[in-house]
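Take a look at the structure below.
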Amino acid sequence: MQTTTSNLTAAATVEVAPRATVSSTSRLADFFELTKPRMNFLVVLTTLVGLYMARDAGGRGGWLLMIHTVLGTALTAAAASVLNQFIERRHDALMPRTRNRPLPAGRVAPIEALLFGIALSIVGITYLALAVNLLTAALGLFTFLPYLFVYTPMKRVSTLNTVIGAIPGAIPPMMGFTAVENAIPPAAWMLFGVLFLWQMPHFLAIAVMYRDDYARGGYRMLPVVDPTLWTTCRMVIVYTLALIPVSLLAVSPLRASGVSYLVAAMVLGLGFLWCGARLMQTRSRGDARRLFFASVIYLPMLLAAMMIDKQ
């Protein structure tokens, strides 16, 4: 890892992108944009779900612990986002969807982004270790390192990148549990499974919507190498079918939620599956967009039902 970091630093030193003179407010907005706040809102949300579901498990669970956990997790996730954009800045410049981001647009210099990301990562992991516990900090580090040094380069090598990237993306709710219990109980693994499986149709829908962009950027997303979208749609169905029974584990055998959640999980899961089946039938960008919006609706409603009907 030290070698990789040294190479990143060298690359940032020799390449300083030109940027126009801008106000300090705009500069702050650009650095904030580098942290991908909208994407990391999901990280914070799922961490809070884990905290809430673990509160009656005999561990800690007060407001102060919640603030410490959320802050440390958010800083770590922000660091991963910043450094991910630093690594992918040249590829982002090739895609209309991302070319106006602060780095490819030249509003933030690469060395600034690199130092900003490193600082956020050190502060975030250290904060979790000191203010929460070492297990939660270790999970935070595990979300950070594979995302940055495995998933990010794999996006240009193998279509399995989405599967690899879904692993660190599913860990934040586990961090909520470990913050309270300093252990990983079965309910934490259930939430990991829900997040992991949900991400697959969610990100495959995005990849279908922007397959031309990903092709320009040199990313080997499944829809890019699957011109008929047959394999892509089949994977959407497989992962969505698997998601339904995994989401029901909260009722039996875990008994974390009750009958109301069971009904909600079934209705939401079947609706999500219907959108995936519709995409498989038409393989159109419009139905990929519908699947994407269905995924955005599905997850928060499922988690809300789980927490409302918590046993």
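The values are calculated or read from the model by the stated rules, or taken from the named source; none is laboratory data. Because the structure is a prediction, the values reported are computed rather than measured. Cβ sites come from the backbone with ideal geometry, for glycine too, and all protein chains shown count toward neighbours. When the accessible area is computed, the model is the full protein with side chains, heavy atoms only, and any ligands, DNA or RNA have been set aside. Shrake-Rupley method; radii C 1.70, N 1.55, O 1.52, S 1.80 Å.
On average over all directions, what projected area in square nanometres does the range 155-311 have, based on the convex hull of its Cα atoms? Provide the component values of the computation, followed by the final result.
Values: hull surface 36.4 nm².
About 9.1 nm², averaged over all directions.
Solvent-accessible area of residue 123, probe 1.4 Å, all protein chains present, reported in Å² to the nearest ten, please.
80
Whole-Hz ³J(HN,Hα) for each residue in the range 217-223, computed from phi via Karplus 6.51 cos²θ - 1.76 cosθ + 1.60 with θ = phi - 60°, x for glycine and proline: what do you get?
Taking θ as phi minus 60°, the curve returns x, x, 8, 8, 6, 4, x Hz for the range 217-223.
Mean Kyte-Doolittle of at least -1.0 plus a Cα span of 20 Å or more along the axis: flag which DSSP H helices in the chain meet both, please.
Numbers: long enough: 37-54 (25 Å, 1.31); 63-87 (36 Å, 1.43); 110-131 (31 Å, 1.93); 186-209 (35 Å, 1.55); 230-248 (28 Å, 1.47); 259-282 (35 Å, 1.38); 285-308 (35 Å, 1.07).
Those that clear 20 Å and a mean of -1.0 are 37-54, 63-87, 110-131, 186-209, 230-248, 259-282, 285-308.
Select from 246, 162, 173 the residue farthest towards the positive end of the dipole of the chain; place +1 on Cβ of Lys and Arg, -1 on Cβ of Asp and Glu, and compute about the Cα centre.
The residue sitting farthest along the positive end of the dipole is 162.
As an exercise, find the ratio Rg/Rh for the range 62-129 from alpha-carbon atoms, using the Kirkwood inverse-distance average for Rh.
Details: Rg = 14.3 Å, Rh = 12.8 Å.
Expressed as Rg/Rh, it is 1.12.
Can you give the local net charge around residue 209? Use residues other than it whose beta-carbon is closer than 15 angstrom to its beta-carbon, Lys and Arg +1, Asp and Glu -1. Could the numbers behind the result be given before it?
Working: positive: 97, 211, 216, 278, 283, 285, 289, 290; negative: 212, 213, 226, 287.
Charge balance near residue 209 sits at +4.
Given the whole protein assembly as supplied and a 1.4 Å probe, what does the accessible area of residue 149 come to in Å², nearest 10?
Roughly 60 Å² of residue 149 is accessible to a 1.4 Å probe.
Roughly what percent of Cα-Cα pairs across the range 28-150 reach past 18 Å? It would help to have the intermediate numbers written out before the result.
Working: 4021 of 7503 pairs.
Here the tail beyond 18 Å accounts for 54 percent of pairs.
Nearest 20 debye, what's the magnitude of the dipole of the chain about its Cα centre given +1 on Lys and Arg Cβ and -1 on Asp and Glu Cβ?
Working: 25 positive and 13 negative charges, 136 e Å.
The calculated dipole for the chain is roughly 660 debye.
Sequence-distant or interchain residues sharing an amide H contact under 5 Å with residue 55, placed H: which?
Close amide H contacts, sequence-distant or interchain: none at all.
Amide H of residue 257: which non-local residues (sequence gap of 5 or more, or other chain) have their own amide H closer than 5 Å, using H built in the peptide plane?
251, 311
Which stretch or stretches of the range 106-135 have amide N atoms under 15 Å from the point lying 7 Å from residue 183's Cα along the Cα→Cβ direction?
Within reach of a label on residue 183, which here means backbone N under 15 Å from a point 7 Å along Cα→Cβ, the range 106-135 contributes 135.
Taking a 1.4 Å probe, which of 284, 81 shows the most accessible area, and what order do the others take after it? Don't skip to the end; give the middle numbers.
Working: 284 40, 81 0 Å².
Listed by decreasing accessible area, they come as 284, 81.
Could you compute how much accessible surface residue 290 exposes when probed at 1.4 Å, giving the result in Å² to the nearest 10?
Estimated to the nearest 10 Å², residue 290 gives 140 Å².
Label residue 63 and residue 270 with points 7 Å out from Cα along Cα→Cβ: what is the distance between them in nm?
Rounded to a tenth, the inter-label distance reads 4.2 nm.
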